[in-house]
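Peer 1: Before I ask anything, let me first share the structure, which is written out below as structure tokens.
Throughout, read-outs are computed from the coordinates displayed, never taken from laboratory work. Not measured: the values here are computed from a predicted model. Methodologically, a virtual Cβ is constructed for each residue, glycine included, from the backbone with ideal geometry; neighbour enumeration extends over all protein chains shown.
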Amino acid sequence: MSSKFLVPSPRFDDRLMERSRLRPGKGWLAFTIVEAMISTVIVGIMFVAALNTVGASQLTQHKASLVCRSQQLAESLMSEILRQSYKDPDGTPVFGRESNESATPRMSWDDVDDYDGLSESPPATKDGTALTNATGWNRTVKVEWVDAGNPAQVQTVETGVKRVIVTVAYNSVPQATLTTLKTDSQ
């Protein structure tokens, strides 16, 4: 039998210890616990900042969609109002709805001032059909006579000019307001 010298192989622990020792000119080869904690804190702060950015972006998109929807609701009602006559076609000199015009639906409304005081939630079409996806929305209308030379000045008598204000709110927060003038000559 031949005799050989058995050289024990370095154990795993010995290799790990050897790597983690300070080597001249190269510094430490492993992370310390403090470095790992600092890295974790930095990553955590960046993660929170990223989540805040995403949240702010979502909020901005939501607000923009509310403004867009409110503009559509205001414009559709204003368009309906402006298609009406300035004065009642029957010649009735009453400002607002006449006695033969029901509060809802608006099918019998035939002049601009019939819309004064309208408040609907959820918004509906002229025939009274509720608009889809309109829960939480509210539309109000104010019609008033104004001075032809100064439309900011409200009058209590017929002037030949009516100011129509349509306000749209979502969950009681105003989102859009449209204002226009309708004259007797239109």
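Peer 1: Could you list SER39, SER172, SER121 so that the one with the fewest beta carbons within 10 Å of its beta carbon is first and the one with the most is last?
Peer 2: Numbers: SER39 11, SER172 8, SER121 15.
So the ranking, lowest neighbour count to highest, is SER172, SER39, SER121.
Peer 1: Note down the nm distance, to one decimal, between modelled labels 7 Å out along Cα→Cβ at ALA36 and at SER119.
Peer 2: It works out to 6.4 nm between the two label points.
Peer 1: For TYR115, TYR170, what's the fewest-to-most ordering of other Cβ within 10 Å of each Cβ?
Peer 2: Sorted ascending by nearby Cβ count, the order is TYR170, TYR115.
Peer 1: Shifting gears a bit: Could you list ILE33, ILE42, ILE81 in order of exposure, starting from the residue whose Cβ has the fewest other Cβ atoms within 10 Å?
Peer 2: In order of increasing Cβ crowding within 10 Å: ILE33, ILE42, ILE81.
Peer 1: Using a 7 Å offset from the Cα along the Cα-to-Cβ direction at both SER172 and LYS126, what is the distance between the two label points in nm, to one decimal?
Peer 2: 3.3
Peer 1: Could you calculate the FRET efficiency of LEU181 with SER57 from 1/(1 + (r/R0)^6), where r is the beta carbon distance between them and R0 is 45 Å, rounded to 0.05?
Peer 2: My answer for the efficiency is 0.70.
Peer 1: Here's something else I'd like to know. Length gain on complete extension for the stretch VAL48 to GLU75, per 0.36 nm per residue less the alpha carbon to alpha carbon distance?
Peer 2: This chain segment gains 5.7 nm when fully extended.
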